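Scroll down for the structure; my scribbles are underneath it.
All of the numbers you see were taken from the coordinates with simple rules; none came from a lab. It should be emphasised that the depicted structure is a prediction, and the values quoted were computed from it without experimental measurement. Every residue, glycine as well, gets a Cβ built from its backbone with ideal geometry; the counts of neighbours run over all protein chains shown.
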């Protein structure tokens, strides 16, 4: 009996050791010196210089940046948050996920930090609607919000047609004209596509956003018009004419939009304000094929209405509600969204949340020509994409619907009923 | 052999305790939690409420769930069929004295130890509709190349091909082991009785392999119902399962609902249904084995 008690005692000791091992990290005393915060973001080439610049600019806080591959970011960050993984701050990639993250209590409201003296809250005020939930500021924007038309001048030159900025100046850069130009640019055999629009559900909503339709508003009211169907039809006809890069192909083969553009295989790409950063990266890594740095430009999105509207959500950071080092984490995200961070972001080739003359000056080196710079930085209305608690599900639904429509599984006659049924289901079954 | 009658229960417990703790923490508790979560609207955070069987009702009424279930069944039927047929065929061939027998046994088993991620990525390149070597070869021979993963009707087939390629070697090894336990004298007796090759296979080999066959089919079905990696890797990551949901198997749908749409309660309900289906199939197989599995052929 004595022996068996000893064996049991040893087992319990072993188990206790395992449990104690899990606790030891949290009870370690803080060492003197700079505070290290853990910050999660994705592996976008324009982001690393910003973190590096912060670490170089001051000595009190060290940002330990954890990069997650971009295609898996949304799901991995959710897993990490749910597991309360050690994390002081993180960048939100699919902005509509903010609603679920905040609803789940993962995000720290920032009002208390913002009211402290010396905090530059210009970026927060500029995008107040996008970062406020239940009357609380829950995010600090650092990158602006706008989609543009980026174009390869060489491809336009070869096709002998004017670049989109010419039509913008004339006031004729409509969706009709965009389709016409895309068809003219394409070789028709898949060697050169006139245009590409990435497969994200939110990127199928340009026309709808320009009508200022949220599809499902924050109260669950369904509000859309015929522009969704119009875009789907336009996309299908352009894909059939090999004038637009096929959505399913790029999804399955994981062909990134930047690669399509770097390879000189598309004349135009409709994408967001971060794209000049990709171009800088492409230039620095000698990835541009058949064209040089000066052979690309940027202008407005096609738009049918007289007053120009684009779409876009600012990119922002959060402090986690369970962070160990909330103050340093806030200092970092406030720096990133402030004037200093804006200058570094501009240098990396993205549109910062605040545009000052200094920022514009820096951006002039990230954009190839002055006219493109004007379009890039002009004041404009950017309609938020899917920024409600229904947004994440709506994004997935639009993805599936687009697949089905392109494959002919949903006909034009069925389109509206399928769309409405899907939207009603989302409203009914979202918590 | 010494008697165990005097062994103390404390001793027995102390030996059982490590694996019992592991079983409780890593198997029983997660299953219990999945059941519990399936009855709530849990979205990942601390605020959730009890919704009864609401998630189950929603799942059974959902086109997406029914579609995923149908796709999973199709995937399971074809994958299990080819895994078993190919596994047994190659086991029969490589059980004979053929040239480079050991080399082929090793080579055919090798894909099974490779990571699904690496295999998925490699086959994505092979099956790339435009730049992939397979379609270039087909075009060279004048054959109109299929779209493989990009085609609505070929995407699931492509996933099945890759899964079978990767895993049939495992079943081959199991069958090889089984073949070597069959008493040679039974074949000799059958030959003396004038039985041909087919008759010997049906009357000696198949009954002799039946316990292994039963185990293989059970494991293959369970694994097929759990397929996820290949779909995730080869059809577009978190936005995958396409085109148009053509490869959206049940576990992928669970993943999408849980991790992309924050519907953990609903996803847990889908998991419980999956568990139930696998349990019922396994139970039916277990009960049915008495009719065809022979344990006394030695």
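Results, tabulated for the structure shown:
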{"quantity": "For residues of B:127-137, the mean tally of beta carbons on other chains within 10 Å", "calculated": "2"}
{"quantity": "Percentage relative contact order, segment A:228-315, counting C-alpha pairs under 8 Å, at least six apart", "calculated": "19"}
{"quantity": "DSSP beta bridge pairing in chain A, given as percent antiparallel to the nearest 5", "calculated": "55"}
{"quantity": "Pairwise centroid distance, computed over Cα atoms, of segment A:243-292 with segment A:406-431, Å", "calculated": "31"}
{"quantity": "Distance between segment A:80-135 and segment A:139-158 - C-alpha centres, whole angstrom", "calculated": "26"}
{"quantity": "Largest-first principal axis extents, alpha carbons of segment A:198-269, Å", "calculated": "43, 22, 20"}
{"quantity": "Estimated D of chain A in µm² per second, where Rh is the Kirkwood radius over Cα pairs and Stokes-Einstein applies at 4 °C, 1.567 mPa s", "calculated": "55"}
{"quantity": "Rough spin-label spacing in nm, given labels placed 7 Å along Cα→Cβ, for residue A:43 and residue B:223", "calculated": "2.9"}
{"quantity": "DSSP bridge orientation in the protein assembly as shown - percent antiparallel, rounded to nearest 5", "calculated": "55"}
{"quantity": "Label point distance in nm, residue A:60-residue B:122, each placed 7 Å from Cα along Cα→Cβ", "calculated": "5.4"}
{"quantity": "Rg to Rh, two decimals, where segment A:295-431 supplies the alpha carbon set and Rh follows Kirkwood", "calculated": "1.08"}
{"quantity": "Kirkwood Rh, Cα atoms: Rg over Rh of segment B:63-182", "calculated": "1.05"}
{"quantity": "Acute angle (nearest 10 degrees) that the helix A:412-429 long axis makes with the longest principal axis of chain A, alpha-carbon atoms", "calculated": "20"}
{"quantity": "Length added when fully stretched, residue B:281-residue B:198, from 0.36 nm per residue minus Cα-Cα", "calculated": "26.9 nm"}
{"quantity": "Other protein chain Cβ atoms within 10 Å, averaged over every residue that makes up A:384-395", "calculated": "1"}
{"quantity": "Whole-number percent relative contact order across chain B, with pairs defined as alpha carbons under 8 Å at least 6 apart", "calculated": "27"}
{"quantity": "Mean separation of Cα contacts under 8 Å, 6 or more apart, over the residue count of chain A: relative contact order %", "calculated": "24"}
{"quantity": "Segments B:123-135, B:244-256 sorted - mean Cβ within 10 Å per residue, highest first", "calculated": "B:244-256, B:123-135"}
{"quantity": "Inter-site label distance for residue B:57 and residue B:92 at 7 Å from Cα along Cβ, in nm", "calculated": "5.3"}
{"quantity": "Shape parameters for the protein assembly as shown, alpha-carbon atoms, Rg then Dmax in Å", "calculated": "30.0, 100"}
{"quantity": "Whole-angstrom gap from segment B:190-241 to segment B:43-82, using each part's C-alpha centre", "calculated": "26"}
{"quantity": "Residue order, fewest to most surrounding Cβ atoms within 10 angstrom, among A:240, A:122, B:270", "calculated": "A:240, A:122, B:270"}
{"quantity": "All Cα pairs of segment B:157-298, percent lying beyond 25 Å", "calculated": "47"}
{"quantity": "Which of B:221, B:192, B:160 has the fewest Cβ neighbours within 10 Å, and the rest in rising order", "calculated": "B:192, B:221, B:160"}
{"quantity": "Mean projected area in nm² (Cα convex hull; one quarter of hull surface) for segment B:1-129", "calculated": "17.8"}
{"quantity": "Stretchable slack from residue A:284 to residue A:191, in nm (0.36 nm times residue separation minus alpha-carbon distance)", "calculated": "31.0 nm"}
{"quantity": "Rounded to whole Å, sorted largest first: equivalent-ellipsoid semi-axes of segment B:57-292, Cα gyration tensor", "calculated": "36, 25, 14"}
{"quantity": "Least to most buried among A:102, A:316, B:48 (fewest other Cβ within 10 Å first)", "calculated": "B:48, A:102, A:316"}
{"quantity": "Other protein chain Cβ atoms within 10 Å, averaged over every residue that makes up A:245-258", "calculated": "6"}
